[in-house]
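Q: Here it is, the structure in full.
The values are calculated or read from the model by the stated rules, or taken from the named source; none is laboratory data. These figures come from a predicted structure and were not determined experimentally. Neighbour counts are summed over all protein chains in view; Cβ atoms, including those assigned to glycine, are modelled from backbone coordinates with ideal geometry.
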Amino acid sequence: MSRRVYIDDLSDIEALVAAGYGASIHVKSALRAHPDIAVRELSGAPRARARLAWRGASPASDTLKALASLLQMTSSETNGVF
């Protein structure tokens, strides 16, 4: 009988997959090279919407504003989907 386990720590997930205890689906940006893990892109997989977040009590730095501008430009070209 198969059993589902939910873990939200990426390092723990990678260790379990590398040890042969199942498989996992990740967003591409979360994947890191691991010698014991094979990675395949899912064709036809839905794309994810991205959001930019920062500490609300801190003013947005020039770097953050530049990143937000770049993401908005990219978002307009891809209809908000990366």
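Q: Run Thr74 past the list (1) of a type in the set (Val, Ile, Thr); (2) at pLDDT 80 or above; (3) outside any loop (DSSP other than H, G, I, E, B) and report the number of the one that doesn't hold.
A: (2)
Q: Out of curiosity, is Gly80 of a type outside the set (Asp, Glu), out of contact with any helix residue (DSSP H, G or I) (no Cβ under 9 Å at 6 or more places or on another chain) and modelled with pLDDT of 85 or more?
A: No; evaluated as a whole, the condition is false for this residue.
Q: Also: Collect the residues in region 5-22 that are part of a loop (DSSP other than H, G, I, E, B) and surrounded by 10 or more Cβ atoms within 10 Å (Cβ to Cβ), keeping them in residue-number order.
A: Ile7, Tyr21, Gly22
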